[in-house]
1. Spot the failing condition for residue 47; the list is (1) β-branched (Val, Ile, Thr); (2) free of Cβ contacts under 8 Å to residues at least 60 places away in the same chain; (3) open to solvent by 20 Å² or more (accessible area, probe 1.4 Å), and only one is missed.
2. Cβ-Cβ distance below 7 Å, separation of 6 or more or different chains: which pairs start in segment 56-81 with a residue that is closer than 12 Å to residue 114 by Cα and end on one that is surrounded by fewer than 16 Cβ atoms within 10 Å (Cβ to Cβ)?
3. Filter the helices (runs of 4 or more DSSP H) completely within segment 68-139 down to those with at least 1 residues that are closer than 25 Å to residue 1 by Cα.
4. Would you mind stating whether residue 86 is surrounded by fewer than 20 Cβ atoms within 10 Å (Cβ to Cβ), within 11 Å of the chain's Cα centre (by Cα) and at pLDDT 95 or above?
5. Taking residue 28, is it buried (at least 24 other Cβ atoms within 10 Å of the Cβ), in contact with a His (Cβ under 9 Å, 6 or more places away or on another chain) and part of a helix (DSSP H, G or I)?
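The values are calculated or read from the model by the stated rules, or taken from the named source; none is laboratory data. Quick caveat: nothing in here was measured; it's all calculated off a predicted structure. Cβ atoms come from the backbone with ideal geometry, glycine included; neighbour counts cover every protein chain shown. Protein only, heavy atoms only, side chains kept; ligands, DNA and RNA dropped before computing areas. Shrake-Rupley method; radii C 1.70, N 1.55, O 1.52, S 1.80 Å.
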Amino acid sequence: MNSSLQAKMRGFMSAYRVSCARMVVNAVKARGLHSRAAVIAITTTIVESSIDNISEELDHDSLGLFQQRASWGNRTQRLDPTWATNAFLNKMLNEYPNNTWMTAPVGEVCQTVQVSAFPERYQPQAGDGQIIVNALWSV
């Protein structure tokens, strides 16, 4: 996978990061959502944490793969990849009713859910998000 990635994660997909990405993808699959939801979630984790379940509050009180703030949930919840993915998906589905997330640009959906100070960082990672999901979706 490392050689096919084109952006931030090229050469940096370790077994640990693949296992984190697999948990995100599996959470999406368990909900019966289209694989595009996994692309959106993985793209977000690329930008927010380099697909690393960060357990130290480096940016304010942000934790986990999605760098969710304390308002999202308690420490244990935010560090649980399945819980964190579902929290992300819940907000995505709320912000984009009637599956409108299926046609909105990936970076726009990421930004709407995350409300980042750097919205321009998401879309450039969407291609790698797709490559990672393609590799893990059928596994």
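1. (2)
2. Close Cβ pairs satisfying both conditions: 67/59; 69/60; 69/61.
3. Fully inside segment 68-139 and qualifying: 81-95, 106-114, 126-136.
4. Yes; evaluated as a whole, the condition is true for this residue.
5. In short, yes.
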